[in-house]
Amino acid sequence: MRISELRCREVINICDCKRLGYVGDIDFDFDKGCIVAIIVPGPPTICGFLGREKEYIIPFCSIRQVGPDIILVELEEKEKPDKGKA
């Protein structure tokens, strides 16, 4: 699987069955040669004019399954939104 193929997959949290969005970026550790986290842009702010308010940074250990169309993750309520500027 190529990293570019992950961008076509929708991310769904299995704890509350919420659609988080599509993979926007990947945090990769070049020293270890592995993926550290996937980054999903959050919902847009006021009509999308001001960018995005937050993003979901999902650690690789929280990914439960990667399918042909979706990625299933397990995020508890306290872990979900990681406020950051996109």
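Of note:
- Only residues that are of a type in the set (Asp, Glu) and under 15 Å from VAL66 (Cα atoms) were counted in segment 11-30, giving 0.
- Taking segment 58-77 as the range and being small (Gly, Ala, Ser) and closer than 15 Å to ARG7 by Cα as the test, only GLY67 passes.
- Residue under evaluation CYS47, criteria (1) among the hydrophobic types (A, V, I, L, M, F, W, C); (2) modelled with pLDDT of 90 or more; (3) surrounded by fewer than 15 Cβ atoms within 10 Å (Cβ to Cβ), criterion not met: (2)
Residues are listed down the side, and each one gets a yes or a no for (1) surrounded by 11 or more Cβ atoms within 10 Å (Cβ to Cβ); (2) modelled with pLDDT of 90 or more; (3) within 13 Å of the chain's Cα centre (by Cα); (4) of a type outside the set (A, V, I, L, M, F, W, C):
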{"residue": "MET1", "(1), (2), (3), (4)": "no, no, no, no"}
{"residue": "SER4", "(1), (2), (3), (4)": "no, no, no, yes"}
{"residue": "PHE30", "(1), (2), (3), (4)": "no, yes, no, no"}
{"residue": "ILE39", "(1), (2), (3), (4)": "yes, yes, yes, no"}
{"residue": "LYS54", "(1), (2), (3), (4)": "yes, no, yes, yes"}
{"residue": "ILE57", "(1), (2), (3), (4)": "yes, yes, yes, no"}
{"residue": "VAL66", "(1), (2), (3), (4)": "yes, yes, yes, no"}
{"residue": "ILE70", "(1), (2), (3), (4)": "yes, yes, yes, no"}
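The values are calculated or read from the model by the stated rules, or taken from the named source; none is laboratory data. Just so it is clear, the model here is predicted, and its values are computed rather than measured. For neighbour counting, all protein chains shown are included, and Cβ atoms are generated from backbone atoms with ideal geometry for every residue, glycine included.
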